[in-house]
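So the structure is just underneath, and the comments pick up after that.
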Amino acid sequence: MKVPFIDGAASARPIPASAGIGLRTPHQDLIVRERPPVGWLEVHSENYFADGGMQVERLMSVRSTYPLSLHGVGMSLGSTDPLDCNHLQRLKRLVGWSEPAFISEHLSWSSVHGTHLNDLLPLPYTQEALLHMIDRVDQMQNHLGRQILIENPSSYLQFVHSQIPEWEFLTALATESGCGLLVDVNNVYVSACNHGFSANRYVSALPAGHVQELHLAGHSRRRYTDREILIDTHSAPVCEEVWALYEFALNRFGPVPTLIEWDIDIPPLEVLLAEADKANRRLERAHALAA
Amino acid sequence: MPSLRDTQTAFCAAILSGEADSMLQLVRDEGITAEQRIQIYRNNNRMASLATLQATYPVIERLGGADWFRQSATQYQIRFPSRSGDLQYLGEKYPDFLRAYLADTDYAYFADVAALEWAYQVVLTAAERASADLGMLRTVAPQDYERLLFVPRPAVRMVESQYPIFAIWQANQPSAVEPDFQIRLDAGPSRVLLMRRTDHVELRELPEGTYHLMRQFQLGATLGSAAISTAAEIPEFDLEVCLKEVMTLEAIADIELCDGSTTNTIIRRN
């Protein structure tokens, strides 16, 4: 059922169609102190579920300067276990005081029979899984009282019983649940290379009106005897092929808020800001085209 | 066609216990084998768990070495699989795991050091409450003293061990200029109070009487029953000395007057 509250972030500072960066521990003090010029910040929701402490205080501090996006990695939306009400409640508390413009989660699952694998695991793209995800997104949006964005995963395997291409699955999910889409351009590229589909075709098939945020990140390559597999590590600069796909995505979706993700081997803040500048230059061209 | 539930059950078994038979039938080969594809997820799962435990237990990793720590993390995950989507809780049972894993070995003390490191994490993220203005105790009538409840701040934890865990912890901090490797495990017990300050977590060792009194407060005892309990445990206990020390810790958030089953907060600062 489509939710009636598409614009539930009325009290939040809107996120501009420019580049943002993730607020990660090594940079927190510097960002709190110097407030570098960057369009917006994204944080991993679970890192701020705490009742108090320095991490929470830093987020409270920077939210006066930067629009925020909350990006969850632990909701396990696609799991066949019941939705974790405690997790959802803590997210709602965080949403209440941090007032994010976006709240996002993943097209994935992480837990079954009460055991959590703490990873973003792929779903079989079946009619059963689609109906299940629509119901889960519906539950989450109803609990939070506002729209969420769902991000496409990177994946290293496909199920023999998958029947629906991922881009059609996401399109149906967004249409039926009313959720927005967070398109991780690097994930599209990684999965396209790993499974042999066209990344451009994927991007072209997504419903532009639902796409509200883009992600960019680096990946690594692992060599096997017969072929190479790309691993979504968030540990490197964005590669040229992903920048090219990003430009293609901007042509398709128009200028959309774009996050530079870097979670492992995190470099100095200047490196992240330089990556954000690269995205901003492309966004400016997209703005000019859209004008 | 397998159900979504069956697919997830097979996936979980393939990652955690290596029982991949059911899962192998569900995965397309596509150039590399299904087993190799599943192995990527196994690696991701183990690396994420290891990184989380490394961040939570840096002293244990330093004490045991990187290889031992990696092995212990693998065994921990088998015996205590994660029960939360929030990685903050992943290491919660690691001290319990080490207690059994290293029982009757020369490294049994690792469990108590790990308990100290877990308490550090809890204090780091506990709710903020300022310490009470103890000067207002002057307004309490002397006959009410024994009914006073001293409620510790949420960001306060206490850890006791028969081993010198405070010295071990100190010697294995990155800031330790010259690690003291001469710590004797039979140097005597250690009683540590952990408390969050504005921008750091403070650890300090407490004398036995003060620790016991504070512990009783944490368990919800009134001043009267805490004093009786502590005196019974520690013959040389001096209530005045220990209470003064508790007052200087800035570890108390509320002071309440217990009247049977009800309590009235008399001193609180939010």
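For this structure, a couple of remarks:
- Restricting attention to the range A:156-196, the residues that are among the small types (G, A, S), under 30 Å from A:S220 (Cβ atoms) and in contact with an Asp or Glu (Cβ under 8 Å, 6 or more places away or on another chain) add up to 3.
- Verdict on A:V32 being over 15 Å from the mean Cα position of the chain (by Cα) and either of a type in the set (V, I, T) or part of a strand (DSSP E or B) (or both): yes
Quick grid of which residues meet (1) at the interface with another protein chain (Cβ under 7 Å from one of its Cβ atoms); (2) surrounded by 16 or more Cβ atoms within 10 Å (Cβ to Cβ):
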residue: B:P2; (1), (2): yes, yes
residue: B:D6; (1), (2): no, no
residue: B:A13; (1), (2): no, yes
residue: B:G18; (1), (2): no, no
residue: B:D21; (1), (2): no, no
residue: B:I32; (1), (2): yes, yes
residue: B:R37; (1), (2): yes, yes
residue: B:I40; (1), (2): yes, yes
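- Screening the candidates B:A114, B:A108 for the property of being without any contact (Cβ under 8 Å) to a residue 60 or more places away in the chain, away from chain A (no Cβ under 14 Å) and either among the β-branched types (V, I, T) or buried (at least 21 other Cβ atoms within 10 Å of the Cβ) (or both) yields one hit, B:A114.
- Residues in the range B:193-220 that are more than 14 Å from chain A (Cβ to nearest Cβ) and in contact (Cβ under 8 Å) with a residue 12 or more places away in the chain: 18 in all.
- Residue that is farther than 15 Å from B:V123 by Cβ, surrounded by fewer than 19 Cβ atoms within 10 Å (Cβ to Cβ), at pLDDT below 95 and not polar (S, T, N, Q), where the choices are B:E250, B:E178: B:E178
- Residues of the range A:172-197 satisfying the condition of being of a type in the set (S, T, N, Q) and touching a Ser or Thr at 6+ places or on another chain (Cβ under 6 Å): A:N187, A:S191
- Subset tally (residues that are among the acidic types (D, E) and over 16 Å from B:L223 (Cβ atoms)) for the range B:119-161: 3
- Unmet criterion (only one of (1) closer than 15 Å to A:L83 by Cβ; (2) assigned to a strand (DSSP E or B)) for A:S104: (1)
- Qualifying residue in the range B:54-70 (condition: within 12 Å of chain A (Cβ to nearest Cβ), at pLDDT 95 or above and either over 30 Å from B:R204 (Cβ atoms) or surrounded by fewer than 21 Cβ atoms within 10 Å (Cβ to Cβ) (or both)): yes
Listed here are the residues, each with its yes/no results for (1) surrounded by fewer than 22 Cβ atoms within 10 Å (Cβ to Cβ); (2) within 30 Å of A:R227 (Cβ to Cβ); (3) among the small types (G, A, S).
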position: A:H116; (1), (2), (3): no, no, no
position: A:T126; (1), (2), (3): yes, yes, no
position: A:I134; (1), (2), (3): yes, no, no
position: A:S154; (1), (2), (3): no, yes, yes
position: A:P165; (1), (2), (3): yes, yes, no
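- Being more than 10 Å from chain B (Cβ to nearest Cβ) and under 19 Å from A:L117 (Cβ atoms) is a property that does not hold for A:P67.
- Among (1) within 18 Å of the chain's Cα centre (by Cα); (2) of a type outside the set (D, E); (3) surrounded by fewer than 21 Cβ atoms within 10 Å (Cβ to Cβ), the one test that B:Y94 misses: (3)
- Boolean, A:Y156 is within 27 Å of B:F80 (Cα to Cα), within 12 Å of another protein chain (Cβ to nearest Cβ) and aromatic (F, W, Y): yes
- Only residues that are of a type in the set (G, A, S), more than 10 Å from chain B (Cβ to nearest Cβ) and surrounded by fewer than 22 Cβ atoms within 10 Å (Cβ to Cβ) were counted across the range A:72-114, and they come to 3.
- Residue that is farthest from the chain's Cα centre (by Cα) [pool: residues in the range A:115-137 that are of a type outside the set (S, T, Y) and in a loop (DSSP other than H, G, I, E, B)]: A:P124
The values are calculated or read from the model by the stated rules, or taken from the named source; none is laboratory data. Just so we're clear, the structure is a prediction, and the values are computed from it rather than from any experiment. All Cβ positions, glycine included, derive from the backbone under ideal geometry; neighbour counts span all protein chains shown.
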